[in-house]
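Taking it in order: structure first as structure tokens, then the write-up.
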């Protein structure tokens, strides 16, 4: 069987070892992640609203944030009724922080780690 792989530079990343990655950001907290600690970049793929506390009413909207260095970005807005999860396509190679505005539920982030060897980052040609 002959397999054809186009010569697209980013296709190189498909052949790197990968592993599931996930984080839960609880109410009133944030999570810091430093991909350099495990010599990988993080592909952030999804953010989803967790179970709400039973004694708390549903919130109309939950804003999801990403902070890299001194810059803080809004990744999206979640709503239990209409948008309980959002798809993302972010590749992060530097330390970052995830947070949200919910007062009643955690937000779960998932994606995968793509490993690279030492100082050799696959997209730096």
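The values are calculated or read from the model by the stated rules, or taken from the named source; none is laboratory data. Note that the structure is predicted; figures quoted are calculated from it, not measured. Cβ sites come from the backbone with ideal geometry, for glycine too, and all protein chains shown count toward neighbours.
Points to keep in mind about this one:
- Applying the condition of being more than 16 Å from residue 26 (Cβ to Cβ) and in a loop (DSSP other than H, G, I, E, B) to the stretch 56-68 and asking which residue is modelled with the lowest pLDDT yields 57.
- Residue 72 vs. criteria free of Cβ contacts under 8 Å to residues at least 12 places away in the same chain, over 12 Å from residue 108 (Cα atoms) and assigned to a loop (DSSP other than H, G, I, E, B): no
- Any hit, the stretch 77-88, residues being part of a strand (DSSP E or B), modelled with pLDDT under 95 and under 27 Å from residue 116 (Cα atoms): no
- First in the stretch 46-57 and closer than 18 Å to residue 77 by Cα, second anywhere and loosely packed, with under 14 Cβ neighbours inside 10 Å and modelled with pLDDT under 75, Cβ under 8 Å, 6 or more apart: 52/58
- Filter pass, residue 107 being free of Cβ contacts under 8 Å to residues at least 40 places away in the same chain, over 18 Å from residue 19 (Cα atoms) and either within 16 Å of the chain's Cα centre (by Cα) or surrounded by 14 or more Cβ atoms within 10 Å (Cβ to Cβ) (or both): no
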